[in-house]
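Notes follow once the structure below has been shown.
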Amino acid sequence: MPLVGQVSVRDSADAAQRLRRVDSAAMSIAAAVFTGLVALLHGYFLVLECFLWTKPMGLETFRMSPAQAEATAVLAKHLQRLPRGGARVELDG
């Protein structure tokens, strides 16, 4: 039995195991938060490039004239669908 102020090997192993569980939980939460942020950003870019490209918000964001926006609108929608569609196909298997 350890004296007061001394820590046994078993106690330190238990403490290390508890710390690993807390670290693992914190990392899982951080990963979920960052994954959610990336998903929100992708959704924002999708809406911006597919639906707001020729609207004032899209024109201001990309610093384009209305003529440039009209000329590139089809390209923006097409390029936005390619990566998303490819990801859907891969996920559906």
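The values are calculated or read from the model by the stated rules, or taken from the named source; none is laboratory data. All of these numbers come straight from a predicted model, not from anything done at the bench. Neighbour counts are summed over all protein chains in view; Cβ atoms, including those assigned to glycine, are modelled from backbone coordinates with ideal geometry.
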Only residues that are touching an Asp or Glu at 6+ places or on another chain (Cβ under 8 Å) and assigned to a loop (DSSP other than H, G, I, E, B): list them for the range 39-74, please.
Thr54
Which residues, counting only those in the range 21-49, are of a type in the set (D, E, K, R) and modelled with pLDDT under 85?
Arg21, Asp23
Looking only at the range 32-53, count every residue that is without any contact (Cβ under 8 Å) to a residue 12 or more places away in the chain, under 23 Å from Ala71 (Cβ atoms) and of a type outside the set (Phe, Trp, Tyr) and tell me the total.
2
